[in-house]
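For reference, the structure discussed in these notes is given below.
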Amino acid sequence: MTGRSGSTRRDFLTGKAAADAVANRLDGPADEPLTPASVGTGRGGSHDLLLQVGRQAMACRFEIYFNAGQYEADTQWATDALDLVDQLEDQLSVYRDQSELSRINRQAATVAVPVEAGLFGLLLLGQQIERETKGAFDLTSGPLSQAWGFARRKGRIPDNDALQRARARVGGSSVRLDRQHHTIRFLKPGVEIHVNSIGKGYALDRCRERLAAAGATDFLIHGGQSSVLASGSRAGRSSGGCSIGVRDPLRPHRRLAEVFLHDRALGTSGSGVQFFWHQGRRYGHLIDPRTGQPATGVYASTVLAPTAAQADALATAFYVMGPDQAHAYCEKHPQIAMVMVCPGKKRGGLAIEHHGLDAEDWQPVERAN
């Protein structure tokens with residue numbers, strides 16, 4: 001996460017300019033090249049006007065879209081929601097010494113630390129997803145990213161001793177959450193909590209709560225385009241939702257599919273930007289907490305879920321788990337859907353795995369091979 005943008009740097013685009021900005025993203029570069037998903041304007045495109053309000057936060061750009069003219073107080077509502085994102089970054093960033101999460105990481109190995117209610121709920125969700133994915137998602141996996149050099153974007157092969165020391169600090173079984181007292185305690189020293197794989201989605205969910213409380217029903221929010229949440233209808237449509245382009249991770253100018261998002265959230269994980277080569281082998285930044293090794297066999301994982309926090313966490317978990325385990329998870333959790341891009345049978349080809357999506361939810365654009 002990066003430094004906070006003040007309110008004087010708010011950026012407002014209205015009317016046709018905003019509509020063009022969103023439409024152009026369908027084939028243009030994403031805010032985060034990591035993600036194959038980009039925000040579009042609706043099934044088949046639209047020339048309806050949009051209001052767009054954006055701000056830099058959490059190392060990406062957050063943007064909120066309203067149907068232009070639908071709400072008199074839309075810019076103030078969006079500003080209030082983005083102010084909340086700034087507050088959440090102050091709470092969740094491990095790169096800010098005074099954040100609540102930094103305080104937890106410093107103290108929880110020696111004493112039970114009180115946790116704010118929203119953050120406590122997020123930690124409970126993280127533990128639940130860890131159990132359901134049998135450790136493929138783990139909020140304590142930060143030491144592995146540090147060992148591999150990805151925490152500072154300087155990838156390297158760790159020596160065996162360093163990797164084993166990192167693995168000894170990873171595992172949700174070392175974290176005790178006391179529901180009665182809303183406290184957290186680490187059961188051994190060296191454990192850390194990081195929420196970079198779920199934090200943006202959580203911020204979108206909190207923004208949705210604030211906008212809904214203000215009276216908004218129709219809007220779209222994204223955080224760096226890898227985390228997206230859609231509520232209500234685009235320009236008064238009763239169905240169809242917002243079109244999200246799923247990119248080809250090997251050819252970013254090409255779209256493989258469109259996902260239509262309506263009263264749902266989407267999260268995407270991939271290693272298209274953070275990786276390094278060593279002796280002819282590519283190592284990506286998404287680490288399997290169960291093995292301590294970079295996950296392989298998947299190019300990108302996109303998940304649709306009721307909340308953005310779920311979508312973000314499961315996109316990371318599915319990337320680590322691979323298609324077979326992801327299909328099995330979706331079978332047990334029918335509210336979850338996914339699109340996964342994997343290596344194809346031919347060299348340089350792709351295979352698209354999907355589950356839980358029908359014709360109203362998505363549309364393949366180009367055939368993978």
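Bear in mind these aren't lab numbers, they're just calculated from the coordinates by the rules spelled out. The structure presented is a predicted model; accordingly, all values stated were derived computationally and were not measured. As a convention, Cβ positions derive from the backbone with ideal geometry for all residues, glycine included, and neighbour counts pool all protein chains shown.
All other residues with a Cβ under 11 Å from the Cβ of Gly118 taken together, and with Lys, Arg as +1 and Asp, Glu as -1, what is their net charge?
-3
Can you give the convex hull volume per residue for the Cα atoms of the stretch 71-124, as a whole number of Å³?
Hull volume over Cα atoms, normalised by residue count, gives 86 Å³.
What is the gain in length, in nm to one decimal, between Arg106 and Leu124 on full extension, counting 0.36 nm per residue of separation less the C-alpha to C-alpha distance?
The Arg106-Leu124 span can extend by a further 4.5 nm.
In nanometres, what is the gap between the two model label sites at Gln293 and Ala214, each 7 Å from Cα along Cα-to-Cβ?
If labels sit at Gln293 and Ala214, their model points lie 4.9 nm apart.
Just need log10 I(q)/I(0) for the stretch 100-186 at q = 0.12, 0.16 Å⁻¹, Debye formula, equal scatterers on the alpha-carbon atoms, no solvent, rounded to two decimals.
-0.41, -0.70
What does the C-alpha gyration tensor say about the overall shape of the stretch 182-261? Classify as rounded when a/c is under 1.5, otherwise prolate if a/b is larger than b/c, or oblate.
Oblate shape, in that a/c is at least 1.5 and b/c is the bigger or equal ratio.
Can you list the lysines whose alpha carbon sits under 25 Å from that of Lys134, skipping same-chain ones fewer than 8 residues off?
Those lysines meeting the cut-off are Lys188, Lys200, Lys332.
Calculate, in nm to one decimal, what Asp324 and Phe275 gain on full extension: separation in residues at 0.36 nm each, minus their alpha carbon distance.
Taking Asp324 through Phe275 to full extension adds about 15.2 nm, to one decimal.
In nm, to one decimal, how far is the Arg282 label point from the Ala59 one, both placed 7 Å along Cα→Cβ?
In this crude label model, Arg282 to Ala59 measures out at 2.0 nm.
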